[in-house]
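Where a number appears in this text, it was derived from the coordinates with a stated rule and is not lab data. Predicted model only: the values in this text are computed from it and were never measured. So basically every Cβ, Gly included, is an ideal-geometry build from the backbone, and we count neighbours across all protein chains shown.
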Amino acid sequence: MLQRRIPSSGEELPIIGLGTSQTFEVAESAREREPLREVLEAFFAAGGRVIDTSPMYSTAEAVLGDLLTPAMHARAFLATKVWTRGARAGVEQMRHSERLLRARPLDLIQVHNLLDLDTQLATLREWKAAGRVRYVGVTHYTVSGLAGLERVVSREQLDFVQLNYSPVTRAAERRLLPLAAERGVAVLVNRPFEDGELFAKVRGRALPAFAVDVDAVSWGQLILKFITSHPAVTCIIPATASVTHLKDNLAGGVGRLPDQRQREEIARSLA
């Protein structure tokens with residue numbers, strides 16, 4: 001799989017990761033958890049590392065922490081978030097995430113949707129200095145949040161920014177992605193498939209003829225390769241509870257990537 005460096009450290013990450021929103025928000029039954037165990041086994045077997053979660057995602061942190069084996073922990077890059085107001089509440093929430101994920105230090109903690117940004121960033125910098133978290137970042141998941149992310153990336157020293165980006169939602173290309181590259185900030189991409197809406201657009205349609213030239217055999221791979229081909233992108237985090245879909249996603253980080261003409265054709269085909 002294609003690897004991209006975290007600019008602030010030089011550490012390399014596989015460009016396709018795994019999200020946990022909705023898919024890992026399950027109860028304790030074996031029926032609900034077994035498919036997720038299989039997804040994790042396949043993910044790590046294929047060389048995956050980055051898993052993104054949040055206390056906002058109900059049971060996802062707890063489920064992930066329960067399912068990760070010691071061998072998985074040794075390879076995983078675990079990213080979670082702080083999503084609350086007040087310094088004390090932030091510390092309590094991050095400690096809870098440590099316990100649920102059974103990881104200390106955590107690899108990345110992000111201020112989720114910029115909530116109480118200055119307070120939580122101050123705590124995160126203390127934690128990073130103390131070795132309790134390796135990287136610090138900020139997130140949002142809508143186009144309306146991009147301006148806020150731009151302001152933060154411009155003024156703060158961050159390791160990561162997480163944003164929404166796809167062939168039909170390209171606002172981040174105008175300023176935020178170039179800014180992240182300029183400022184040396186790694187980029188995590190959420191909602192690459194627009195919560196599944198892109199698959200509805202192409203259902204029953206043949207792939208463009210050039211798909212073979214970029215080693216894509218599905219629309220999902222073509223969409224991910226569009227995102228992967230932007231040089232500022234460090235890792236994409238599609239969520240899935242299906243091993244079949246996971247393997248298809250991971251293939252989006254392998255092989256040749258579209259050039260600018262092919263990128264525009266992908267975007268037009270999904271408009």
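Below is a table of values for the structure above.
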| quantity | calculated |
| --- | --- |
| Any hit, region 139-146, residues being crowded, with 23+ Cβ neighbours inside 10 Å, out of contact with any helix residue (DSSP H, G or I) (no Cβ under 7 Å at 6 or more places or on another chain) and either under 30 Å from R88 (Cβ atoms) or touching a residue at least 12 places away in the same chain (Cβ under 8 Å) (or both) | no |
| Among the candidates A45, A60, residue that is out of contact with any strand residue (DSSP E or B) (no Cβ under 7 Å at 6 or more places or on another chain), of a type in the set (A, V, I, L, M) and under 14 Å from I237 (Cβ atoms) | A60 |
| Among (1) closer than 20 Å to W127 by Cα; (2) out of contact with any Lys or Arg (no Cβ under 6 Å at 6 or more places or on another chain); (3) of a type outside the set (S, T, N, Q), the one test that F77 misses | (2) |
| Single condition Q162 does not satisfy, out of (1) in a loop (DSSP other than H, G, I, E, B); (2) touching a residue at least 60 places away in the same chain (Cβ under 8 Å) | (1) |
| Odd one out for G90, checked against (1) within 28 Å of M1 (Cβ to Cβ); (2) buried (at least 19 other Cβ atoms within 10 Å of the Cβ); (3) small (G, A, S) | (1) |
| Counted residues, region 63-75 - those being surrounded by fewer than 19 Cβ atoms within 10 Å (Cβ to Cβ) and aliphatic (A, V, I, L, M) | 4 |
| Residue in region 9-26 that is of a type in the set (A, V, I, L, M), without any contact (Cβ under 8 Å) to a residue 24 or more places away in the chain and surrounded by fewer than 22 Cβ atoms within 10 Å (Cβ to Cβ) present | no |
| Qualifying positions in region 179-198 - exposed (fewer than 13 other Cβ atoms within 10 Å of the Cβ) and in a helix (DSSP H, G or I) | E182, E197 |
